[in-house]
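Participant: Quick one: structure below, then a few questions.
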Amino acid sequence: MTTDPTLRAKNAREGLRLKALVARLSDADLGRPVGHGWTVADTLVHLAFWDLRAVTLIDRYEKEGVKASPADVDVVNAAVRALGAAIPPRAAARLAVDAAEAVDRRLEALPDRILEEVAAAGNPFTPARHVHRGEHLDEIERALS
């Protein structure tokens, strides 16, 4: 199986999009609702969590090999939303950018062999971080317009 040769470029593109969005967000923007009871800041904490989870799994896979790591997405997202309420909005924005940069760096250096093992294991995390990032950036941009 061959990994998507554009994966890293797509992740980098959405990472730059995130960084540019965060740079222009006002404090009022960070508190804006995006839907389903989430604010822009909450959504950024959500992005940070899932990117940091991917970094943690990459670290584990490099040491121990790739194996399943199921997560109950609804439960995790509820907990992340509660944590997001406790994180200052500007810190949430910085955390999202830092987490995206961290996972993109790790994926950039990750051998294709491990990416192939991740796919074979049913994608215990999604190396295509750009998809998740892009969906939420679209939501945020809609909320701001």
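Every number in this text was worked out from the coordinates using simple rules, so none of it is lab data. Please read all numbers here as calculations on a predicted model, not as lab measurements. All Cβ positions, glycine included, derive from the backbone under ideal geometry; neighbour counts span all protein chains shown.
Participant: Given that just one value was derived from the coordinates, which of (1) 1.01; (2) 1.05; (3) 0.98 is Rg/Rh (Cα atoms, Kirkwood Rh)?
Facilitator: The listed entry that was calculated here is (3).
Participant: How many nm separate the modelled label positions at residue 26 and residue 73, each set 7 Å beyond the Cα in the direction of the Cβ?
Facilitator: 3.4
Participant: Relative contact order of the chain, please, whole-number percent, based on alpha carbon pairs below 8 angstrom and at least 6 residues apart.
Facilitator: After rounding, I find 44 percent.
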